[in-house]
1. With B:Val324, B:Val354, B:Val298 as the choices, which residue is farther than 30 Å from B:Leu45 by Cβ and either in a helix (DSSP H, G or I) or not β-branched (Val, Ile, Thr) (or both)?
2. From B:Ala181, B:Ala85, B:Ala161, grab the single residue that is over 30 Å from B:Asn60 (Cβ atoms) and either at pLDDT 95 or above or touching a helix residue (DSSP H, G or I) at 6+ places or on another chain (Cβ under 7 Å) (or both).
3. All but one of (1) at pLDDT below 90; (2) crowded, with 19+ Cβ neighbours inside 10 Å hold for A:Ile222; state the number of the condition that does not hold.
4. Can you tell me which condition B:Leu253 does not meet? The list is (1) within 13 Å of B:Ala81 (Cβ to Cβ); (2) open to solvent by 30 Å² or more (accessible area, probe 1.4 Å), and all the others hold.
5. Given A:Lys156, A:Lys126, which one is within 12 Å of chain B (Cβ to nearest Cβ), among the charged types (D, E, K, R) and without any contact (Cβ under 8 Å) to a residue 24 or more places away in the chain?
6. Going by what's in this entry, would B:Ala243 be described as under 19 Å from B:His73 (Cα atoms), touching a Gly at 6+ places or on another chain (Cβ under 6 Å) and either open to solvent by less than 10 Å² (accessible area, probe 1.4 Å) or in the same structural domain as B:Gly80 (by TED's automatic domain parsing) (or both)?
7. Given the options B:Lys240, B:Lys171, B:Lys167, name the one that is more than 10 Å from chain A (Cβ to nearest Cβ), among the charged types (D, E, K, R) and within 30 Å of A:Gly51 (Cα to Cα).
8. Would you pick out the residues in the stretch B:265-310 that are among the aromatic types (Phe, Trp, Tyr) and in contact with a Ser or Thr (Cβ under 9 Å, 6 or more places away or on another chain)?
Amino acid sequence: MDMLCVKNLSISFGGLHAVDSFSITIKKGELYGLIGPNGAGKTTVFNLLTGVYKPDMGQIFLDGKNITGLSTIEINKAGIARTFQNIRLFKNMSVLDNVKCGLHNKYKYSSLAGIFRLPSYFKTEKMMNEEAYDILKVFDLDKEADTLASNLPYGKQRKLEIARALATGPKLLLLDEPAAGMNPAETEELMETIKLIREKYGVTILLIEHDMKLVAGICEKIFVLNFGIELANGLPQDVLNNPEVIKAYLGE
Amino acid sequence: MADYIRKISKNTRSNLITVGTIILIYLACQVLIGAGMMSFLMKGLLMQFCYYGMLAISLNLTVGILGELSLGHAGFMCIGAFTGAFFSKCMINVIQNTFIRFSLALLVGALSAAVFGVIIGVVVLRVRGDYLAIVTLAFGEIVKNVLNALHIGIDSDGFHAAMGAGKLELKEGGTMIIDGAQGIIGIPRNSTFTISVIFLILTYIIISNLVNSRSGRAIMAIRDNRIAAESVGIDVTKFKILAFTISATFAGLAGVIYAHNINTLESSKFGYNMSIMILVFVVLGGIGNIRGSMISAVILTLLPEYLRFLKNYRMLIYAIVLIVMMIFNWSPACIKWRKEHSIKDAAFRLAKKVFKARKEA
């Protein structure tokens, strides 16, 4: 069962082929790593998958449904959620409200119900709070629920961003360098959390990472991108020992 | 589990406290008026507090909650004021019941301001930051200047409209409703202090409830990070327009109340200065702080009146007081000092001392 199937995805900015004929198939429940040197086009792939950029060519299928060319909002509704390389939290809102923003489309009531405090407001808010607390507990953030997001330490901000993405109920979760800026202990903890959410929510994950320990430790398959072109794709031990990959990463 | 129940009731509780305080102040004012102890000046200011409060709260929705700087809030107020007053003037002999006529005038004013809110909201989607400020500033000035040149009259043939003075020729027996720079004269003075207070409370409750709901969270998410908001499926277009429209609607309502409190409604009152003044209320009260907007609207309406004894130096001193208040309210050092010397703590210490002394005795 394919969760994500991408065929010949390409985009150019001016004369630069940022991503060229990118094809990948991710099975349901898989944990896929996307690696490559700086400027390889990894984040561009994420931006293409989430509709931030429209591809020049190629097609994206999510769970059998063609989502090519849809807007970011529609793609999120279809089931792709993401985090960002440079953390993008709702800084002036509480931790709880950040997660509740993630639940925006799962629990709905009209603006009028909110303004006039109709019964649907209380009922839905209660369900939202319950689910938001459940998600926060998974990330061990429930004690900080009322803290402003900007006041959280760095590692927890990264976690909160994953929690918010998870709250949208995605089928596929895209993590853009989740361990960036973390110390080894925090990275270790993050690996545990990623494993946990996979089991608990049955979500398929595609992650970009530079921390080879993390990538080798948890990814089931690895895709290597270099100058927008596929360099290698397969099981971790094969990919990481591939001389082409070592050359691209470490130089000759 | 208990946390979120407390959270919901915390918001409701703070609303109740605020509304209760407004009602208490209102009752106190009524007692003072009844006892003849309120000065004529103060009586005239009471309604100003209310509609400036409404304007400040509604602008705070745009500036504080949506995070877009708007310099044309007086424009929405102007539209509400003119359409509401126009309606009242036309219907003065048709609808005899004051309550129904004024209610309809409020509705007309609010709706027409809302329509312009949607239009400006659509523009807002294309521009951001400084550019948005310029667009809204231009909007306010356009509204003011169009109404300054607009002449609408009625005679036996029906309505006639023209731009510019002296272009409108009415038949015998016709009356001028909007007379260009002279504006609308003879609007029925239907606004009362009670009505204004009711609408102030309504504005407060509606906007504070909106902010503390799903839609409010979406609006704040857009303010904090538009790209992230889109990534979690929040419809940026919809909620931006929603915020702008609601903000404009309440500015329009405030305008109708304003128009029915004075005899002559002139468009020149709704210029750039008025928009900036409302913005100053919002900034001093705290961006995003809805209760603060009301308080600062009251203080900054009172201040120039009480500085009248300074004659020519009045506005100079007003500016200085404004700067001092701004520093006292928002400078980190002052916030720290206030925290260390808070009235609550002092009262607590005093109570403790009294209690201790009594115990010893």
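The values are calculated or read from the model by the stated rules, or taken from the named source; none is laboratory data. Everything numeric in this text was worked out from a predicted model, so none of it was measured. Because the Cβ atoms are built from the backbone with ideal geometry, glycine has one as well, and the counts that use them run over all protein chains shown. Side chains included, ligands, DNA and RNA excluded: accessible areas come from the protein's heavy atoms. Shrake-Rupley method; radii C 1.70, N 1.55, O 1.52, S 1.80 Å.
1. Selected residue: B:Val354, the only one of B:Val324, B:Val354, B:Val298 that is farther than 30 Å from B:Leu45 by Cβ and either in a helix (DSSP H, G or I) or not β-branched (Val, Ile, Thr) (or both).
2. Working: B:Ala85 fails: over 30 Å from B:Asn60 (Cβ atoms); B:Ala161 fails: either at pLDDT 95 or above or touching a helix residue (DSSP H, G or I) at 6+ places or on another chain (Cβ under 7 Å) (or both).
B:Ala181 is the lone residue from the list that is over 30 Å from B:Asn60 (Cβ atoms) and either at pLDDT 95 or above or touching a helix residue (DSSP H, G or I) at 6+ places or on another chain (Cβ under 7 Å) (or both).
3. Condition not satisfied by A:Ile222: (1).
4. So the condition that B:Leu253 fails would be (2).
5. Working: A:Lys156 fails: within 12 Å of chain B (Cβ to nearest Cβ).
Result of the check over A:Lys156, A:Lys126: A:Lys126.
6. Details: under 19 Å from B:His73 (Cα atoms): yes; touching a Gly at 6+ places or on another chain (Cβ under 6 Å): no; either open to solvent by less than 10 Å² (accessible area, probe 1.4 Å) or in the same structural domain as B:Gly80 (by TED's automatic domain parsing) (or both): yes.
The answer is no for B:Ala243.
7. Details: B:Lys171 fails: within 30 Å of A:Gly51 (Cα to Cα); B:Lys167 fails: within 30 Å of A:Gly51 (Cα to Cα).
One residue alone meets the criteria, B:Lys240.
8. So the first thing to find is which residues in the stretch B:265-310 are among the aromatic types (Phe, Trp, Tyr), and the list is B:270, B:272, B:281, B:306, B:309.
B:Phe281 - this is the single residue of the stretch B:265-310 that is among the aromatic types (Phe, Trp, Tyr) and in contact with a Ser or Thr (Cβ under 9 Å, 6 or more places away or on another chain).
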